[in-house]
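The values are calculated or read from the model by the stated rules, or taken from the named source; none is laboratory data. No experiment lies behind these values; they were computed from the predicted model shown. For neighbour counting, all protein chains shown are included, and Cβ atoms are generated from backbone atoms with ideal geometry for every residue, glycine included. Just the protein is used for accessible areas: all its heavy atoms, side chains included, with ligands, DNA and RNA removed. Shrake-Rupley method; radii C 1.70, N 1.55, O 1.52, S 1.80 Å.
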Amino acid sequence: MRIHPKYYASLFFLTTASFVYAQTASDIDPMLGADKGGNVFVGPTLPFGMAKPGPDYGDNEGNAGWKANGNLNGFSQLHVSGTGGGPKYGNILIQPAVGKADPLHSAAPRKKEHAEVGYYSVILGNSGITAEVTTARRTPIYRLTYPRNGERTLLVDVGHLLMRRHDSPHRYHESQIVSSTQVQVLSPTEVAGVQSSVMGWNIQTTPMKVYFYLVTDTPAVVSGTWEDGKAVVPGSKSASYKMPFTMATLPAPPAPIVSTGAYLTFAAGEKPVMVKVGISFVSIDQAKKNAETEISGFDFDSTRKAVVNAWNKELSPVKIEGGTTGERQQFATGLYHSMLMPVDRTGENPLWKSVTPYYDDFYCIWDTFRSSTPLLTLIDQKRVVSILQALLEIQDHDHFFLDGRSGNFSGRTQGGSDAEMMFTDAFVKHLPGLDWERVYRAMVHDADANSPEPIRFGRGDMDDWKKLGYLSIEHSDPIGGPDRPGSRSMEYAANDYAVALMAKGLHHNADAEKFLARSQNWKKLWYPEAVDRTEGGEVKGFIWMRHADGSWKANFNPHLVGTWYQDNFYEATTWTYSLYVPQDVRGLIATAGGQSAFKKRLDLFFAPGVAGRYRYDVGNEPGFLAPYLYNWIGEQSSTARHIRSILPASYHTGPDGLPGNDDSGAMGSFLVFNQLGFFPVAAQDIYLIGSPTFSRSSIHLSNGKDFSVVAENTSSHNIYIEKATWNGKPYHRSWFTHEQLMSGGELRLTMTDKPVHWDTDAPPPSMSDKQGSK
């Protein structure tokens with residue numbers, strides 16, 4: 001199924017237009033990437049909005065609720081976007097139906113499904129009900145149009161959650177579990193209650209409570225409740241559930257399905273029934289306040305218009321010219337996906353009284369620090385500062401930086417401590433509004449102390465890291481045994497470089513030297529005798545795991561891809577992690593045998609026809625920087641060739657338009673940067689030049705200046721740079737600094753159809769550069 005947003009007729013002329021076109025909500029397709037593992041959220045929401053009301057289909061295992069197949073179970077009020085693993089949220093489900101309340105048989109086939117920014121609608125095929133939804137920041141609003149004749153019923157299932165019915169073979173239960181529910185019918189137009197749940201992908205052991213207050217514009221003639229496994233009770237005003245086990249005795253998968261709720265039945269009528277659902281993580285009173293203050297009366301259309309206006313404002317700093325209709329839609333939707341998470345829950349922190357903005361649903365920083373945060377730094381600097389302030393305040397309470405967090409509970413950590421990368425990225429780009437000495441103290445603690453729960457926050461196995469210079473197979477899991485020692489060691493090294501940069505900038509010179517030295521620990525996992533015999537010849541030398549006694553893991557296997565609690569690499573092979581040394585690409589080139597050997601390695605890494613994650617996998621973040629590594633050896637034309645091959649092969653319009661999990665906008669922001677024609681080196685102040693999709697793009701910066709990239713003659717054939725100018729002067733570097741970008745001006749590239757060695761100036765900087773200059 002492909003659902004396309006409406007376009008103004010003038011867009012037809014964009015390919016040859018002479019003006020720069022601002023992105024608007026009408027360019028976005030919320031369905032792009034919903035299917036085939038993209039898992040994006042398809043319902044209405046505001047930028048970084050808390051409420052994400054949308055449909056839950058089929059077996060309720062969709063990470064964002066939507067699935068291509070299966071009946072509509074109803075609309076829940078909270079979702080994530082683009083995630084993998086066990087689902088999260090899907091709380092407080094409402095489902096319209098005709099006739100008497102029948103929760104066990106309420107699922108309905110879908111007809112005429114439609115999605116656009118700020119709006120989702122579907123017709124329930126078994127009843128003809130049209131359900132429409134839009135939302136304010138914490139209050140969804142529904143317009144339910146029933147058939148004229150017969151009773152009109154609204155079911156409110158407080159036990160509903162998205163679940164993983166068949167759990168993964170991980171140590172921890174990834175499916176959400178309902179721990180308790182309470183629901184009350186307050187009046188013929190009001191229902192309120194709370195749901196408490198545990199677990200999910202982030203292994204939440206402290207219950208997450210979601211409160212709601214539902215109000216309709218139409219009084220019910222009949223109401224009642226039902227409790228799990230029991231029939232509806234007309235006239236009943238309350239119902240509840242409490243799980244019959246403890247956290248220590250959670251049942252093995254599949255998790256129990258709980259259905260406890262209330263219903264309102266309305267008399268027959270032609271007028272649509274309007275429903276508001278205020279949501280809160282604090283209390284029912286707060287949920288009611290949200291419903292009463294965020295939407296005036298039951299004004300559906302004005303609420304919908306406000307969502308569109310908010311997105312138009314958020315998108316307005318970026319303008320493009322050229323490209324195909326599909327490329328422009330992908331670009332706008334990539335921007336959109338980059339602004340769905342994390343979620344602004346300021347005023348909704350149930351754990352402490354926040355003195356800063358409060359954000360949740362970091363899912364995960366491991367995914368987003370490489371491209372999403374740098375993109376937001378360019379188009380919404382104030383937002384990035386607010387997010388960092390929230391992270392710092394959470395660190396005050398958790399005592400370590402998080403990598404993942406959802407439901408007001410930190411976890412899980414996929415690699416190193418990548419919040420350090422986010423903070424250093426902001427520091428080297430001179431973002432205001434942060435106490436950098438306070439940040440630095442937190443960074444050093446995070447980098448040096450052994451976290452008591454490294455699966456939730458901070459770093460683990462720090463004794464090995466400090467003594468051996470790597471995480472050993474034996475000790476990488478605090479409980480005993482291995483846990484991704486190869487990939488985590490590589491990330492710790494990159495994280496330490498980020499700490500070193502901040503230490504140097506704040507004149508903590510001794511710390512700077514210590515962390516710089518530790519950032520070279522990746523070399524201790526370089527196994528020079530490891531050989532992969534490929535179709536293009538032997539490649540020698542790879543990152544590999546070691547035991548605590550210094551010996552190498554037996555039986556080198558370049559195809560090994562792993563996940564949690566194994567002596568392996570996380571979600572990629574040694575090919576990817578052997579290229580992940582962003583702090584010292586120059587040192588990596590030397591270790592790999594010099595420029596010629598490094599080019600051969602890169603060429604094989606991107607060789608076509610290699611299946612799975614064995615080599616390059618565009619659908620996984622550790623390889624994001626890899627296409628740009630050619631820039632360090634004076635081969636920018638190879639970067640251009642691969643970027644312009646990767647994008648059309650991996651991204652397109654439609655529900656299956658993403659190469660994998662969107663990962664909270666990581667895949668979208670990767671696309672956006674590459675279409676603009678440059679890419680950031682996260683936690684450093686440089687950008688690498690690629691090959692622009694659009695003939696012109698422009699970013700209106702926070703300082704009031706504009707930075708533009710002009711690509712003369714760019715097309716699907718003219719992918720190579722023939723020459724470059726910066727503000728009219730010849731330019732021969734394949735990179736530029738954040739300071740250059742923020743000064744505004746124009747990077748003009750003349751494109752051609754044949755490789756040209758135009759990048760004759762100094763390569764991008766690396767830690768081991770003797771000159772150390774930029």
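Assess whether residue 629 counts as being closer than 25 Å to residue 330 by Cβ, among the aliphatic types (A, V, I, L, M), crowded, with 24+ Cβ neighbours inside 10 Å and over 19 Å from the mean Cα position of the chain (by Cα). It is true that residue 629 is closer than 25 Å to residue 330 by Cβ, among the aliphatic types (A, V, I, L, M), crowded, with 24+ Cβ neighbours inside 10 Å and over 19 Å from the mean Cα position of the chain (by Cα). Looking across 265, 293, 249, one residue alone is under 30 Å from residue 231 (Cβ atoms), of a type in the set (Ser, Thr, Tyr) and either open to solvent by 60 Å² or more (accessible area, probe 1.4 Å) or under 30 Å from the mean Cα position of the chain (by Cα) (or both). It is 249. For residues in the range 394-408 being open to solvent by less than 10 Å² (accessible area, probe 1.4 Å) and touching a residue at least 24 places away in the same chain (Cβ under 8 Å), which is nearest to residue 503 (Cα to Cα)? Looking at residues that are open to solvent by less than 10 Å² (accessible area, probe 1.4 Å) and touching a residue at least 24 places away in the same chain (Cβ under 8 Å), I get 401. If you check 694, 679 for being touching a strand residue (DSSP E or B) at 6+ places or on another chain (Cβ under 7 Å) and closer than 30 Å to residue 406 by Cβ, only one passes: 679. Residues in the range 715-755 that are open to solvent by less than 30 Å² (accessible area, probe 1.4 Å), part of a loop (DSSP other than H, G, I, E, B) and under 23 Å from residue 700 (Cα atoms): 731, 734, 744.
Going by the structure shown, is residue 561 open to solvent by 30 Å² or more (accessible area, probe 1.4 Å), modelled with pLDDT under 95 and within 27 Å of residue 605 (Cα to Cα)? So residue 561 fits the description; yes.
Of all the criteria given as (1) assigned to a helix (DSSP H, G or I); (2) in contact (Cβ under 8 Å) with a residue 40 or more places away in the chain, the one not satisfied by residue 598 is (2).
Within the range 330-375, the set of residues being out of contact with any Pro (no Cβ under 8 Å at 6 or more places or on another chain) and polar (S, T, N, Q) comprises 330, 338, 349, 354, 356, 368, 372, 373. The set of residues in the range 579-602 being under 21 Å from residue 370 (Cα atoms), touching a Leu at 6+ places or on another chain (Cβ under 8 Å) and open to solvent by less than 10 Å² (accessible area, probe 1.4 Å) consists of 581, 585, 588, 602. Candidates 419, 449: the one that is in contact with a strand residue (DSSP E or B) (Cβ under 7 Å, 6 or more places away or on another chain), small (Gly, Ala, Ser), modelled with pLDDT of 95 or more and under 30 Å from residue 172 (Cβ atoms) is 419. Residues in the range 111-149 that are surrounded by fewer than 18 Cβ atoms within 10 Å (Cβ to Cβ) and in contact with a Leu (Cβ under 8 Å, 6 or more places away or on another chain): 111 alone. The residues of the range 505-533 that are open to solvent by less than 20 Å² (accessible area, probe 1.4 Å) and more than 34 Å from the chain's Cα centre (by Cα) amount to a single one, 530.
Taking the range 333-431 as the region of interest, the helices (runs of 4 or more DSSP H) fully inside it that hold 1 or more residues being among the aliphatic types (A, V, I, L, M) and in contact with a Phe, Trp or Tyr (Cβ under 8 Å, 6 or more places away or on another chain) are 372-379, 381-398, 419-428.
Conditions (1) over 28 Å from residue 205 (Cβ atoms); (2) open to solvent by 30 Å² or more (accessible area, probe 1.4 Å), marked per residue:
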residue: 348; (1), (2): no, no
residue: 353; (1), (2): no, yes
residue: 364; (1), (2): no, no
residue: 388; (1), (2): no, no
residue: 441; (1), (2): yes, yes
residue: 448; (1), (2): no, yes
residue: 457; (1), (2): no, no
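Screening the candidates 607, 572 for the property of being part of a loop (DSSP other than H, G, I, E, B), more than 24 Å from residue 765 (Cβ to Cβ) and open to solvent by 10 Å² or more (accessible area, probe 1.4 Å) yields one hit, 607. Of 52, 100, 36, all but one fail to be at positive phi, part of a loop (DSSP other than H, G, I, E, B), at pLDDT 95 or above and among the basic types (Lys, Arg); the exception is 36. Here residue 277 qualifies as outside any loop (DSSP other than H, G, I, E, B), surrounded by 20 or more Cβ atoms within 10 Å (Cβ to Cβ) and touching a residue at least 24 places away in the same chain (Cβ under 8 Å). Scanning the range 646-668 finds no residues that are closer than 30 Å to residue 545 by Cα, more than 27 Å from the chain's Cα centre (by Cα) and either of a type in the set (Ser, Thr, Tyr) or open to solvent by less than 20 Å² (accessible area, probe 1.4 Å) (or both). The single residue among 413, 373, 377, 324 that is surrounded by fewer than 24 Cβ atoms within 10 Å (Cβ to Cβ) and under 18 Å from the mean Cα position of the chain (by Cα) turns out to be 377.
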